């Protein structure tokens, strides 16, 4: 549903939103191979807010020289 990955100087950032089998959505942010935070939402409005935050973060990282890679 939403997956973005960026690299810079050997570091990787990954942002994902996926539909969950049990209903709702799993939202996760990773730095390198470490999960920074992960949450399961059942409220679509919270998912929309998380996606807006991810989009803003990706834009800021790209402006700082990070490049997008395959998610």
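A few notes on this one:
- Residue tally, condition in a strand (DSSP E or B) and either within 27 Å of residue 8 (Cα to Cα) or at pLDDT below 95 (or both), over region 21-31: 6
- Search result, residues across region 21-31 that are touching a helix residue (DSSP H, G or I) at 6+ places or on another chain (Cβ under 7 Å) and either in contact (Cβ under 8 Å) with a residue 24 or more places away in the chain or surrounded by fewer than 11 Cβ atoms within 10 Å (Cβ to Cβ) (or both): 25
- Residue 18 being at pLDDT 95 or above, closer than 15 Å to residue 53 by Cβ and touching a strand residue (DSSP E or B) at 6+ places or on another chain (Cβ under 6 Å): no
- Test result for residue 3, in contact with a strand residue (DSSP E or B) (Cβ under 7 Å, 6 or more places away or on another chain) and assigned to a helix (DSSP H, G or I): no
- Residues in region 32-71 that are outside any helix (DSSP H, G or I) and free of Cβ contacts under 8 Å to residues at least 24 places away in the same chain: 12 in all.
The values are calculated or read from the model by the stated rules, or taken from the named source; none is laboratory data. As the structure is a prediction and not an experimental result, all values here were calculated from the model. All Cβ positions, even for glycine, are placed from backbone atoms using ideal geometry, and neighbour counts span all protein chains on display.
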